[in-house]
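> Take a look at the following structure, please.
Read the figures in this text as sums done on the coordinates, not as results from a lab. Keep in mind it's a predicted model, so treat the numbers as computed, not measured. Heads up, the Cβs are rebuilt from the backbone with ideal geometry, glycines too, and the neighbour counts pull from every protein chain shown.
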Amino acid sequence: MKTKISKQKGSPWQLIYATSLPIMIFIIALVSCTKDQATTPTPETPNESITTANVSFSNFARQLFQSKCSSCHSVGSSASAKWTYTDLQSIRDHKARIQNAVLVAQTMPLGGTISDKEKELLAAWFERNMPEN
Ligand code: HEC
């Protein structure tokens with residue numbers, strides 16, 4: 001007499017393993033892709049610990065001028081005749097024009113973007129008389 005024992009040959013664990021393995025591989029692939037993306041630089045947003053009350057050149061403005069302005073306004077670059085960014089002093093020397101270009105006329109950064117938060121912090125930094133630290 002033939003019984004259908006053969007049906008029970010595979011343990012339930014084999015079934016679970018067989019179905020979950022492709023899912024596991026998929027998840028691992030997904031996670032590693034996400035990790036790859038995480039290593040690519042994201043657009044810099046000011047750290048939340050920087051506020052209008054403690055904003056300084058070293059914690060905020062240096063990075064802003066370097067990333068948003070120096071590509072055109074550094075020695076030998078296209079817009080260096082208008083204003084050359086070298087250091088804090090070069091900003092202090094041109095405070096009014098920079099303030100106007102970025103915060104009033106809003107013609108700068110040319111072709112780039114500056115967020116409302118960055119403008120708020122920059123305005124506060126000017127108001128605080130451009131402290132280095
Ligand atoms: C893509 C290039 C580019 C970037 C980035 C850029 N600028 Fe300019 N900037 C220019 C050019 C070109 C001019 C001259 C515009 C003109 O004469 O109308 C200029 C002019 C200026 C001027 C002179 C305005 C005046 O009074 O005549 C200031 C100040 C200035 N930029 C500040 C900045 C600041 C601050 C940043 C960064 C937040 C910045 N720029 C980013 C290209 C750039």
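> Give a residue-ordered list of calculated ³J(HN,Hα) values for the stretch 62-72 (Karplus: 6.51 cos²θ - 1.76 cosθ + 1.60, θ = phi - 60°; whole Hz; x for Gly, Pro).
With the stated coefficients, the stretch 62-72 comes to 4, 4, 5, 5, 5, 7, 9, 10, 5, 4, 10 Hz.
> As an exercise, use a Förster radius of 25 Å and the Cβ-Cβ distance of SER115 and LYS95 to find the FRET efficiency, rounded to the nearest 0.05.
Result of the calculation: an efficiency of 0.75.
> Starting from a Cα-only point model with no solvent, please compute log10 I(q)/I(0) by Debye for the stretch 57-127 at q = 0.15, 0.23, 0.28 1/Å.
One equal scatterer on each Cα of the stretch 57-127 leads to -0.42, -1.10, -1.74.
> Which of MET108, MET130 has the fewest other C-beta atoms within 10 Å, and how do the rest follow up to the most?
Listing MET108, MET130 from fewest to most nearby Cβ atoms yields MET130, MET108.
> Ok, one more. Per residue of the stretch 104-121, in order, report the coupling 6.51 cos²θ - 1.76 cosθ + 1.60 (Karplus, θ = phi - 60°) as ³J(HN,Hα) in whole Hz, putting x for Gly and Pro.
Running phi through 6.51 cos²θ - 1.76 cosθ + 1.60 with θ = phi - 60° gives 9, 5, 6, 8, 10, x, 4, x, x, 10, 9, 7, 4, 4, 5, 5, 4, 5 Hz.
> Fewest first, what order do GLU118, GLU132 take by the number of other Cβ atoms within 10 Å?
Going from least to most buried by this count: GLU132, GLU118.
> Run the quick spin-label model on GLU132 and GLN63: label points 7 Å from Cα toward the beta carbon, then report their separation in nm to one decimal.
About 2.0 nm, to one decimal.
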